[in-house]
Amino acid sequence: MFHRLTAPALALALALPVALPQAASADEAAIGARKGQFQLFAFNLGILGTMAQGRTPYDADTAQMAADHLFHLTRSHNTALWPEGTDNASTGNTRALPAIWDNLEDFAQRYGALQEAAVAMQAAAGTDLAALQGALGGLGGTCGACHDSYRAPAP
């Protein structure tokens, strides 16, 4: 019993002094968190994409796991990750364009399209390679459409 309670408390105590200085501000923390979310999107899309392109063998279990992760990632309530003033004109630490906050309704609709595409991918990924390939086009299209309007090009 002692170890079950003390190990998590010790881990938290050791992590706090390191975590607090890194999050210099709430805005920086939000930017870091949303970058992390998008890295997880990219990681799972990469798994699906390499299978769809034939660069790795299709594996139904792995494809389904990646699709499930994408589904759940798109379901996280992430409005706190987008505070005003966290665009690339206000800070140099992001590629998010100010247009996001000028067009929040459109931005939210595009995120809704991503959620729908993640549902379709979740239904298709573990079925077979052709189904995965068909769903990947829609999923990638939703990503690209949002990036074209709301993400600055890479430097």
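Worth pointing out:
- Residues with amide H under 5 Å from that of Arg151, placed H, sequence gap 5 or more: Leu97
- Hz values of 3J(HN,Hα) by residue in the range 141-155 - Karplus curve (6.51, -1.76, 1.60), Gly and Pro given as x: x, 5, 4, x, 4, 6, 4, 4, 9, 10, 10, 5, x, 5, x
- Stretch gain in nm, segment Thr79-Ala131, where the contour uses 0.36 nm per residue and the Cα spacing is subtracted: 15.6 nm
Bear in mind that the values in this text are calculations on the coordinates, not laboratory data. Every value quoted in this text rests on a predicted model; they were computed, and no experiment measured them.
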